[in-house]
Amino acid sequence: MEVSKLTFTLRSKLTFSYIFIVMVVVGLMSLAANVGLNKQFENYVIQRQEKQTAEIIDLVEMKYEEENTWNTGYLEIIGMNALQNGMIIVIKDSEKGNIWSAYEHNNGLCQAMIMNMRANMYSYSDKWNGEYQEKSYPILQSDKQIGTLTTGYVGPYYFNDEELIFIKALNSLFLIAGICSLLIAFALGIFMSLRLSNPLNKIAKKALSLSEGRYKERLVDVSHTKEIEILIETINELSDALEHKDNLRKQLTQDVAHELRTPLTSVQGHMEAMLDGIWAMDNERLNSCYEEIIRIKKLIGSIENLSGVENENVLLHKEDFDLSRLIVRLLNNYENEFLTKNIKVNYLEKPVTIHADPDKMSQIFNNLLSNAIKYSSENGEITIKAEKEENKIIVRVKDTGIGIKEEDLPHIFERFYRGDKSRNRQTGGIGVGLTITRAIIEAHDGTIDVNSTYGQGSEFIIRLPQ
Ligand code: ADP
């Protein structure tokens, strides 16, 4: 997928899903609050109407008790007052019938009020389907019913004018607050999703550029979210690792091409000269070609070995064994070389148990010993020490050979690096022995250091975990 398309898809998906979630949450919360408050208000109105009725009954009962008869003047004041508060009441004596009735007093006003109640409720909700209804309450004197108070209203409840204004204002406020919350949620949604999608876009672009082999650029400080920071760090580490591997691969290809070209060109030149009849095909020339071919074979073997140990996932078959026995065995193998050059070997064998890969250990000490012999002149001395220090095994391989020039010292572990090239052409070294040695030691979580004085000798110090 193209980077721009991916960026757009990622950003729009994140933005829309974020906004959608926030808007749904805010919308649902506003709706729930609105429904809850309306319900509460309806309950309040019903209670208010019940309370008003109870108060009227109390007043009527008190007056009757005081005068032991109906006071129609007083009942009229109560009835008118109730009418003004939006209540239609009728008071009946249990025997004589109507004592005071709002309908008889002012039927026109009562009808107008009922219409007003309906109009109020319809303007509150056009789905309102209440009916005019009456409710009767007993009027008691010493627990004996002496009459009935009937209230007329549109039900199950109704809002008077003030209540209607209040509930409408409340609903408008809710609507405004809801719209504002949605707008804020929308803006916040865009802001948050951009905050999240921007670094993710950069990471996606980076991942694409990695897949296209561009490792150089690094992602820097593009997010304040911890998880994304970790992701950025991981991506940067990944590009470092890929860059390193890519460099190794390029370097190896270059080095191999370079190392192979010289002997191959030489063999080619010799063969061409012989085929063209310029040189006689004698033993000496054929031998020289043969030696070059042997060198090329050795080189290829070393390269195979090198790529084997430089692989980060190099397989180690570790076991516990006595390192000093391994050193003694190797020293025995080189007995001939020591005799030929009259080299004195100092090694005090004492058991040193190590947990390592024995084959790989034998490979590194072979490299170090063969170098020590190779770079020692006649009558030299090689000293080996292997001991346990704290929780490390330290092995020193010291020779009194030609030593290493100061300018060569930092490079001797590099691939195909040869200190003294002319001499090495004679000794046949190709400059990968120490590279392999260091790679094996590092695979064992160890280190290798070198001390050397040109003309006096060298000492290689290996530190390995036990
Ligand atoms: P080579 O196959 O050339 O010996 P190495 O990787 O083993 O390759 O060594 C790299 C270079 O380090 C050598 O060319 C040599 O110059 C130097 N070197 C290694 N060991 C010794 C030593 N014991 N004494 C002097 N020089 C050494």
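Against the main long axis of the alpha-carbon atoms of the chain, helix 358-374 sits at an angle near 40°.
For segment 386-400, backbone phi angles converted through the Karplus equation (6.51, -1.76, 1.60; θ = phi - 60°) give residue-by-residue couplings of 10, 8, 9, 10, 6, 10, 10, 9, 10, 10, 10, 10, 10, 10, 10 Hz, Gly and Pro being listed as x.
Counting only heavy atoms of the protein chains and using a 1.4 Å probe, Trp128 has close to 30 Å² of accessible surface.
Note on the chain: dipole from Cβ charges, positive end direction compared against Ala33, Ile364, Leu208; the farthest Cα belongs to Ile364.
Less than 5 angstrom separates the built amide H of Ile146 from those of Ile139, Leu140, Gln141, all sequence-distant by 5 or more or on a different chain. With only alpha-carbon pairs counted, each pair once and no self-pairs, how large is the Kirkwood hydrodynamic radius of segment 338-466 in angstroms? Evaluated on segment 338-466, it is 15.1 Å. Listed peptides 392-404, 374-386, 19-31 appear in the order 392-404, 374-386, 19-31 once ranked by packing, highest mean of other Cβ atoms within 10 Å at the front. A straight Cα-to-Cα reach below 24 Å connects Lys388 with the lysines Lys318, Lys350, Lys360, Lys398, residues fewer than 8 places away in its own chain not being considered. Under 5 Å from the amide H of Ile343 lie the amide H atoms of Asn379, each residue being 5 or more positions distant or on a separate chain, with H modelled from the backbone and absent for Pro and chain starts. Neighbours of Val90, meaning other residues whose beta-carbon lies under 9 angstrom from its beta-carbon, give a summed charge of -1 when Lys and Arg score +1 and Asp and Glu score -1. Prolate is the label for segment 90-226, because a/c, from the alpha-carbon gyration tensor with a ≥ b ≥ c as root eigenvalues, is 1.5 or above and a/b exceeds b/c.
What percentage of all Cα-Cα pairs in segment 353-424 are separated by more than 15 Å? Result for the distance tail: 65 percent.
Per residue, the average separation of C-alpha pairs within less than 8 Å and at least 6 apart gives the chain a relative contact order of 11 percent. Each residue of segment 34-50 is assigned a 3J(HN,Hα), and the resulting list reads 5, 4, x, 5, 4, 4, 4, 5, 4, 4, 4, 5, 4, 5, 4, 5, 5 Hz, derived from the Karplus form 6.51 cos²θ - 1.76 cosθ + 1.60 (θ = phi - 60°), x at Gly and Pro. Between Leu208 and Glu414, what is the FRET efficiency for a Förster distance of 45 Å, r being their Cβ-Cβ separation, to the nearest 0.05? According to the calculation, E is roughly 0.85.
Taking a ≥ b ≥ c as the square roots of the eigenvalues of the Cα gyration tensor of segment 190-291, is the shape rounded (a/c under 1.5), prolate (a/b larger than b/c) or oblate? Before the final figure, lay out each step's value.
Values: a/c = 9.45, a/b = 5.29, b/c = 1.79.
Prolate is the answer for segment 190-291, as a/c is 1.5 or above and a/b outweighs b/c.
Scanning residues 5 or more positions from Val154 or on other chains, those with amide H under 5 Å from its amide H are Gln133, with H placed 1.01 Å from N in the peptide plane. In the context of the full protein assembly, Arg329 retains an accessible surface of approximately 120 Å², using a probe radius of 1.4 Å and ignoring ligands and nucleic acids. For the chain, the share of DSSP beta bridges that are antiparallel, to the nearest 5, is 90%.
Considering only protein heavy atoms and a probe of 1.4 Å, how much of the accessible area of segment 95-169 is carbon and sulfur, as a whole percent?
52 percent
The calculated FRET efficiency for Asn43 paired with Glu229, based on their beta-carbon distance and R0 = 45 Å, is about 0.30. The share of Cα pairs per 10 Å bin across the chain, counted from zero up to the longest distance, runs 3, 12, 13, 11, 8, 7, 6, 6, 5, 5, 6, 7, 5, 3, 1, 0 percent. For segment 324-338, 3J(HN,Hα) computed residue by residue from phi via the Karplus equation (6.51, -1.76, 1.60; θ = phi - 60°) reads 5, 5, 5, 5, 4, 4, 5, 4, 4, 4, 8, 3, 4, 4, 4 Hz, glycine and proline entered as x. Between Glu243 and Tyr347, the contour length at 0.36 nm per residue exceeds the Cα-Cα span by 33.1 nm.
The values are calculated or read from the model by the stated rules, or taken from the named source; none is laboratory data. Since this is a predicted model, take the numbers as computed values, not measurements. As a convention, Cβ positions derive from the backbone with ideal geometry for all residues, glycine included, and neighbour counts pool all protein chains shown. All accessible areas refer to the heavy atoms of the entire protein, side chains included, with ligands and DNA or RNA removed. Shrake-Rupley method; radii C 1.70, N 1.55, O 1.52, S 1.80 Å.
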